Amino acid sequence: MAATSDATVDPTDGATRRDAVEWRPSRGKVGVASLIAMESFFFGTFIVAFLFYIGKDVHGPTGATALDVGPVIVWSICLLSSSATVVAAVKALARGAKAAFEFWMGATLLLGGAFVYGTAVEWRGLMLDHELFISTNLFGSTYYGLVGFHAFHVVLGLLALGMIWTLSKLGHLRAVDAEKVELVSWYWHFVDVVWIFVFTSVYLFGTGIL
């Protein structure tokens, strides 16, 4: 007769080990995080180029002579405030408050749209009043390259958030979709945080304030 063992087996050990082995990070979170990391590299390149060429122009307008920081501060407050409204929107969706979600997401869209409008107004003034174009000089090239690259990402973010808001209006968005909407909000937060570095580089260092 085979000898019996006095050792006991905890039936939960196998399940615990299996859960540990089967756990995988969210592909959505990994994807968005990877996108943000890649975009950070591109923005970093644009910022370094802008800072490197400050003061190296021999003709044409410069940041010190052409840029008006005051209005940009107002539009910047709008953009940075939109990070708070998008957080409120995601939280509202998670608890199933559809009306609150649409309100806060709508506020996010308005604030982001105000920022884009402010950028367009600034560019119009630079082109008409200062005759500054992307081909005018080094400042024009690096300024439009950096600020334009950021504005492009803001527009992309607005399109994504606008689609989400529209889906909610059409009744195709539920509380279970809150995690997916949160992933889109990560991108929006990234665009907001990047603007702090762009603003500091262009409107503080670029104008000689710092």
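Taking every lysine pair in the chain that is 8 or more places apart or spans two chains, those with Cα atoms closer than 21 Å amount to 7. Computed from Cα atoms, the angle from the helix 98-129 axis to the main principal axis of the chain rounds to 30 degrees.
Might you report the magnitude of the Cβ-based charge dipole of the chain about its Cα centre, with Lys and Arg at +1 and Asp and Glu at -1, to the nearest 20 debye?
On the way: 13 positive and 16 negative charges, 83 e Å.
For this selection, approximately 400 debye.
If each DSSP helix of 4+ residues adds -39,500 (n - 2.57) and the sum is divided by the residues in the chain, what number results at 222 nm, nearest 500 deg cm²/dmol? Let's see the in-between values first.
Details: 7 runs with 154 residues, N = 210.
It comes out at -25500 deg cm²/dmol, rounded to the nearest 500.
Figure legend: label point modelled 7 angstrom from the Cα of His130 along Cα→Cβ; residues of the range 30-58 with amide N under 16 Å from it are 50-51, 53-58. Taking max minus min of the alpha-carbon positions on each principal axis, the range 69-126 gives extents of 46, 15, 9 Å, largest first. Across the options Gly171, Val155, Ser83, the greatest Cα extent toward the positive end of the charge dipole of the range 27-205 (unit charges at beta carbon of Lys, Arg, Asp, Glu) belongs to Gly171. Think of the range 27-205 as a dipole: +1 on every Lys or Arg Cβ, -1 on every Asp or Glu Cβ, centred on the Cα centre; then among Tyr53, Ala94, Ala120, Ala94 lies furthest on the positive end.
By the Kirkwood approach, averaging reciprocal distances over each pair of separate Cα atoms, the range 102-210 gets a hydrodynamic radius of 15.6 Å.
Residues whose amide H lies under 5 Å from that of Gly206, counting only those 5 or more places away or on a different chain, are absent; hydrogens are built 1.01 Å from N in the peptide plane.
When only alpha carbons of the chain are considered, Rg and Dmax amount to 24.3, 101 Å.
Bear in mind these aren't lab numbers, they're just calculated from the coordinates by the rules spelled out. Not measured: the values here are computed from a predicted model. For neighbour counting, all protein chains shown are included, and Cβ atoms are generated from backbone atoms with ideal geometry for every residue, glycine included.
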